[in-house]
């Protein structure tokens, strides 16, 4: 007796379970590894959705994406529900991620200019359709201690709370910080709100003896530096 497995396409899922729509509405960072891989595959079978299939694969590999990236087309195709074409799609996507990771190993570790900040942070702001506000914490030698996403907003703006910023700075023993946010509108000119917020954060830093070295505004085409323009 022949058994046919009905494929469940992503369009057939409940709306809240569709990873493509979730990516569009909430951004790529809000998807799990299984959901991202499910987008590449596009369908499951009669017994499980694409996400469930991808969860099963990741579970068998201890959720190690490096192990998944190391599988050959033949090895990946051994999983029920994964054909050669789907296996090739997954492997190609993971290889692109690996190459990007290799490039990121040359990441800036010390801030000496606004260009260093730009090269460090541009991938976080690339192609965003909403504003995000980040801080970079530095030690006395201007070496990077850590990076933190402070807030997200809409296309019009986001709010950054100085109390949260300096709490993180104190917890990480930072001696200076760099501010960074993006303008989805592609207009690099700082708004009055940008300038007021920068002054407010700088004033709070002076009281705590934590200096603000720069504030960069990012777009897909470039950046604006408060320090380079003598505004900080």
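Would you kindly work out the equivalent ellipsoid of the stretch 114-225 from its C-alpha gyration tensor and give its semi-axes, the square roots of five times the eigenvalues, largest first in whole Å?
Working: eigenvalues 95, 45, 29 Å².
Each semi-axis is the square root of five times an eigenvalue, giving 22, 15, 12 Å.
The distance separating the Cα centre of the stretch 54-79 from that of the stretch 156-232 comes to 42 Å.
Where both residues lie in the stretch 114-225, what percent of DSSP beta bridges are antiparallel, nearest 5? So the antiparallel bridges in the stretch 114-225 amount to around 70 percent. Peptides 128-137, 164-173, 180-189 ranked from most to least packed, by the mean per-residue count of other Cβ atoms within 10 Å: 128-137, 180-189, 164-173.
Any read-out appearing in this document is the output of simple, stated calculations on the displayed coordinates, not a laboratory observation. Please read these numbers as outputs of a predicted model, since none were measured by experiment. A quick note on method: Cβ atoms are made from the backbone with ideal geometry, for glycine too, and the neighbour counts reach across all protein chains shown.
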